[in-house]
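The values are calculated or read from the model by the stated rules, or taken from the named source; none is laboratory data. The structure displayed is predicted, hence computed values, not measured ones. Every residue, glycine as well, gets a Cβ built from its backbone with ideal geometry; the counts of neighbours run over all protein chains shown.
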There are 2 protein chains.
Amino acid sequence: MIDMEAIGKRAKRAARHLRGFDTESKNCALLAIADALHEHRDTILAENATDMAAGQAAGTSKAMLDRLNLNGRLEGIIADVRKVAELPDPVGEEFEEKNLPNGLHVRKRRVPIGVLGVIYESRPNVTVDVTALALKTSNAVILRGGSDNLHSNIALVDAIQAGMKKVGFPAEAVQLIRDTDRRYVGELLKLHKYVDMIIPRGGNALHEFCRQNSTIPVITGGIGICHLFVDDSADVPGALEVIYNAKTQRPSVCNALDTVLVHEKIAETFVPQIIQRLSGVHFKLDESLAQFANGDAELAQEGDWDTEWLDLILGIKVVKNLDEAVQHIETHGTAHSDGILTQNMQNAEKFLNEVDSAAVYVNASTRFTDGSALGLGAEIAISTQKLHARGPMALTELTTYKWIIEGDNHVRP
Amino acid sequence: MIDMEAIGKRAKRAARHLRGFDTESKNCALLAIADALHEHRDTILAENATDMAAGQAAGTSKAMLDRLNLNGRLEGIIADVRKVAELPDPVGEEFEEKNLPNGLHVRKRRVPIGVLGVIYESRPNVTVDVTALALKTSNAVILRGGSDNLHSNIALVDAIQAGMKKVGFPAEAVQLIRDTDRRYVGELLKLHKYVDMIIPRGGNALHEFCRQNSTIPVITGGIGICHLFVDDSADVPGALEVIYNAKTQRPSVCNALDTVLVHEKIAETFVPQIIQRLSGVHFKLDESLAQFANGDAELAQEGDWDTEWLDLILGIKVVKNLDEAVQHIETHGTAHSDGILTQNMQNAEKFLNEVDSAAVYVNASTRFTDGSALGLGAEIAISTQKLHARGPMALTELTTYKWIIEGDNHVRP
């Protein structure tokens, strides 16, 4: 029986406590956590082996087991904690400073959000990544991982808390819900008195559950039905390489390509080139491409354009023009990452204006929608909702601001 | 019977349409709306008189009737629309531009949020203010006003839509829910397929209802239990004037003062000075101030420190030191506006660091937490939650951003 209210209270108290630590102390805590994870490595890997054995016994898929496995990866995860220590600290930055005509001195200062609730599934590395990013920005965090990695997560959080205690950091700032009964997810989502932001990391069902049940603001995202529109002016060899990369470089992630929209003027020659260049990929074709249907290519069914494939599957649809491409993306996309391949800069600008996605591209692979790839140094989530942050979220997106207003006994007339 | 799904669809279509209008066209539409409101003034005032008569017949309080009344105020409301036309347009601004080492050109561009849902109570001026701010930032809006001003709101929105049509603006961008049955509020809060942000403008119960029932991000706020801490080094005459202003200049609003916290070293002399300077105010005193209780001052009861007075009532509490003041604000405040009155700059900085409110003050009245007073030129709401925007929200806070990524057929290695 877990007392979620008590977890919330402790997190809020820890968040207040964290506001008193400067950048140097926070970095020192991150390094202590890295050291502690290294010291506890035998326990962590043993507990992870327990999770792996239980997964194998339960017939968990190879892909899922691979995501669960820490063996051979723990040192990389620890190295990432040390990297976060090296990133610049956004907390305390001041901006939009001004003196008003009445002499009031006004500015905004970047401050931590407070308490984050992070709900995730089978990757235990998330436990460590999220902890490092939260602490770097002086946020407390409540973690709820999946049942298939509970042993690994407990071992990781025990190590993390041991490291924090060693340098006088409040261990309550990182709490794991040590029971994966789903009722506690429901209770977490109602703790708006203590928790300021919920970050779900998982599939559509998890995001939808959070949206429906949370009284705390939720960062929804991570679902990407991504499109590339091949304009009639596209540089054909370059376009083929971009499509190849966007689809095949890592098909299981949200920024991988799902549908190629091809301008009708070039479809007849371009579509067979796609099919040839992406051999090994399974294609879903619109009706006008029936002539290309064969073993590796079939006609698209109802719902196919609305599916995030996360696999070596690619939809190909012929469109009349840019407007129809934009319309298709508006209807079937998830406002994640969409691009145009073109040599016509007017068309590029029109696409950038009209497609309302978190990331819009000209002549580049959608695979760049990623905190590291875009130079943020880290990533906690990719937001596809409109408020607070859009696209890759890193350290700055884990902060908010306060207004600081200084006067000389100013009163409002 | 209102088809809320159809309203949502129309709003989303209008939002897409609005993205095609430049600043000049939007300003032109705002001026056309101002003209139309002026042309329709007789109808608007007649419909408002109907609402007023119904209110009087129902025994509505004078204060509420005053909020409802447009007579003598309509021209001022119209002038405010013209002022919004003159404000700078944040849409299209680009920022955080950079070239990555791989040659990718990355920037963020400010874009409209999309569709706003605004739920408000008895002030029909909100109908016009919100419309102007939404259209200026290319957002569509769904308005749901109170039942006591439905006639006024219908007349206002009819005028607004007439003005929009005159200049070829999509009238669907401003829709009023023309039935005040509460079921439609519940339905609006579930339209996350079409609506991107909910702004409630009203009391605690409305904010709580939205928080509990919305699947759309809600900007909660507008509830201010505001504090001023009088440090032992405060400039006494100046501090008295700031307290007087913060409490009495407009007691019915959220940034008005609710509680003064007085350092124990100066309480004995300072508290009687407050009581004298703020004659006409009713005081709630902590137990240590029992000696000052008389007709105008009584001992505070359970819950008084957690009450937003919105009236000429002021709590006074003696605290041991700055830490106890911060602790009281943390426990009883609403993270809206809180200040310190001090001549000790170290204490000022400690207060600014430790008090986690949307606006923190040194030697100024809390009444400045307001879009106009802080130089934003307008205000749509005051946020006391942490995400997206904190404190006064104006035009920029009605926008989000997209990432624009341009390459030369870049692929991810």
Reported set for segment B:361-383 where residues are out of contact with any helix residue (DSSP H, G or I) (no Cβ under 9 Å at 6 or more places or on another chain), surrounded by 23 or more Cβ atoms within 10 Å (Cβ to Cβ) and more than 8 Å from chain A (Cβ to nearest Cβ) is B:382
In segment B:333-358, how many residues are polar (S, T, N, Q) and either buried (at least 24 other Cβ atoms within 10 Å of the Cβ) or part of a loop (DSSP other than H, G, I, E, B) (or both)?
6
Please determine whether any residue of segment B:82-89 is modelled with pLDDT of 95 or more, within 30 Å of residue B:407 (Cα to Cα) and either surrounded by fewer than 23 Cβ atoms within 10 Å (Cβ to Cβ) or not aliphatic (A, V, I, L, M) (or both).
yes
May I ask you to verify whether residue A:49 is within 14 Å of another protein chain (Cβ to nearest Cβ) and either over 13 Å from residue A:151 (Cα atoms) or not in a loop (DSSP other than H, G, I, E, B) (or both)?
no
Consider residue B:168 against the criteria (1) outside any strand (DSSP E or B); (2) in contact (Cβ under 8 Å) with a residue 40 or more places away in the chain: it satisfies all of them except one. Which criterion is unmet?
(2)
Identify the residue in segment A:212-226 that is outside any loop (DSSP other than H, G, I, E, B) and crowded, with 20+ Cβ neighbours inside 10 Å and, among all such residues, is farthest from the chain's Cα centre (by Cα).
A:226
Residues located in segment A:65-79, provided they are surrounded by fewer than 15 Cβ atoms within 10 Å (Cβ to Cβ) and either among the hydroxyl-bearing types (Ser, Thr, Tyr) or in a helix (DSSP H, G or I) (or both):
A:66, A:75, A:76, A:79
When you look at residue A:161, is it assigned to a strand (DSSP E or B), within 30 Å of residue A:46 (Cβ to Cβ) and away from chain B (no Cβ under 11 Å), yes or no?
no
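Conditions (1) under 22 Å from the mean Cα position of the chain (by Cα); (2) buried (at least 18 other Cβ atoms within 10 Å of the Cβ), marked per residue:
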residue: B:141; (1), (2): yes, yes
residue: B:151; (1), (2): no, yes
residue: B:155; (1), (2): no, yes
residue: B:162; (1), (2): no, no
residue: B:193; (1), (2): no, no
residue: B:201; (1), (2): yes, yes
residue: B:205; (1), (2): yes, no
For segment B:384-403, which positions are in a strand (DSSP E or B) and either crowded, with 20+ Cβ neighbours inside 10 Å or more than 8 Å from chain A (Cβ to nearest Cβ) (or both)?
B:391, B:392, B:393, B:399, B:400, B:402, B:403
Only residues that are farther than 28 Å from residue B:159 by Cβ, hydrophobic (A, V, I, L, M, F, W, C) and either at pLDDT 95 or above or not assigned by TED's automatic domain parsing to the domain that holds residue B:152 (or both): list them for segment B:171-208, please.
none
Determine, yes or no, whether residue A:329 is modelled with pLDDT of 95 or more, outside the structural domain of residue A:83 (by TED's automatic domain parsing) and part of a strand (DSSP E or B).
no
Among the residues of segment A:13-36 satisfying the criterion of being outside any helix (DSSP H, G or I) and touching a residue at least 60 places away in the same chain (Cβ under 8 Å), which is farthest from the chain's Cα centre (by Cα)?
A:21
Show the residue pairs that are 6+ apart or on different chains and have beta-carbon atoms under 7 Å apart, the first residue being within segment B:289-303 and over 16 Å from residue B:269 (Cα atoms) and buried (at least 17 other Cβ atoms within 10 Å of the Cβ), the second being at pLDDT 95 or above and of a type in the set (Val, Ile, Thr).
B:297/B:275
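Each row is one residue, and each column tells you yes or no for (1) hydrophobic (A, V, I, L, M, F, W, C); (2) over 20 Å from residue A:102 (Cα atoms); (3) not assigned by TED's automatic domain parsing to the domain that holds residue B:199.
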residue: B:364; (1), (2), (3): yes, no, yes
residue: B:375; (1), (2), (3): no, no, yes
residue: B:378; (1), (2), (3): yes, no, yes
residue: B:389; (1), (2), (3): yes, yes, no
residue: B:396; (1), (2), (3): no, yes, no
residue: B:401; (1), (2), (3): no, yes, no
